[in-house]
Amino acid sequence: MKEKNLKSLWAWIWALVVAIILALIIRFYLFIPIVVDGVSMMPTLTDGNRVIINRFEKIDRFDVVVFREGKNDYIKRVIGLPGDEIEYKADVLYVNGKKFEEPYLDTYRTQMKEGFLTENYSTKEMLRGGKVPKDTYFVLGDNRRASRDSRIIGPIPKSKVLGTTPLCYWPIKDAKFIK
């Protein structure tokens, strides 16, 4: 009977060790939690929100991503992919000459008394070659008037992108899938 109990105990210990290792792998390599710091992604994300970074999802236009610049992590929205020409005219986004809607900005636009949320901008005038370079992304914060983004720091190299942020999980009242 003692031998059976000992085998059972070892089975439980082994299961616990495997569970801990899997949890650590998932936590540190697959889905990384991060705290939003600042107002540059309002109203989509606010200061103190907690989000999950997915390191393995393909990055598409309008995905929200986290990238590392120096010692800091930034969270922004991908507007331009490699090879894209980006232009804002009268608060309207044009990618490669095609007009795109940005429904995630509607909250701010309805609050605007005057002026534009996104000032006129063109990669033709601001970037060498006029297009988003190979292996980089053009990113903007949703709070365009209070965001340090690709208009200032330039396109973000793919190698600096930590992943997409598909989910805000804290505080509970703000929990949502990020669009």
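How many of the residues in segment 33-75 are of a type in the set (Asp, Glu) and either within 25 Å of Ala23 (Cβ to Cβ) or under 12 Å from the mean Cα position of the chain (by Cα) (or both)?
To start, the set of residues in segment 33-75 that are of a type in the set (Asp, Glu) comprises 37, 47, 57, 60, 63, 69, 73.
If we keep only those that are either within 25 Å of Ala23 (Cβ to Cβ) or under 12 Å from the mean Cα position of the chain (by Cα) (or both) too, we end up with 57, 60, 63, 73.
Matching residues across segment 33-75 total 4.
How about segment 141-179: which of its residues are β-branched (Val, Ile, Thr), more than 14 Å from the chain's Cα centre (by Cα) and over 14 Å from Ser40 (Cα atoms)? Step through it out loud before you land on a result.
Pass one, segment 141-179, residues β-branched (Val, Ile, Thr): 152-153, 156, 161, 164-165, 172, 178.
Among the residues that remain, those that are also more than 14 Å from the chain's Cα centre (by Cα) are: 152-153, 172.
Scanning segment 141-179 gives Ile153, Ile172.
Tell me, please, whether a residue that is at pLDDT 85 or above, within 30 Å of Leu140 (Cα to Cα) and not β-branched (Val, Ile, Thr) can be found in segment 20-38.
Yes, that holds for at least one residue.
Collect the residues in segment 40-52 that are buried (at least 22 other Cβ atoms within 10 Å of the Cβ) and of a type outside the set (S, T, N, Q), keeping them in residue-number order.
Answer for segment 40-52, where residues must be buried (at least 22 other Cβ atoms within 10 Å of the Cβ) and of a type outside the set (S, T, N, Q): Met41, Leu45, Val51.
In segment 140-179, which residues are buried (at least 19 other Cβ atoms within 10 Å of the Cβ) and closer than 20 Å to Arg50 by Cα?
Within segment 140-179, Leu140, Gly141, Asp142, Asn143, Ser147, Val161, Gly163, Thr164, Thr165, Cys168, Ile178 qualify.
Filtering segment 71-126 down to residues that are touching a strand residue (DSSP E or B) at 6+ places or on another chain (Cβ under 9 Å) and β-branched (Val, Ile, Thr), which residue is surrounded by the fewest Cβ atoms within 10 Å (Cβ to Cβ)?
Val92
The values are calculated or read from the model by the stated rules, or taken from the named source; none is laboratory data. Because the structure is predicted, anything quoted here is derived from the model rather than measured. Using ideal geometry, Cβ is built from the backbone for each residue, glycine included, and neighbour counts are taken over all protein chains shown.
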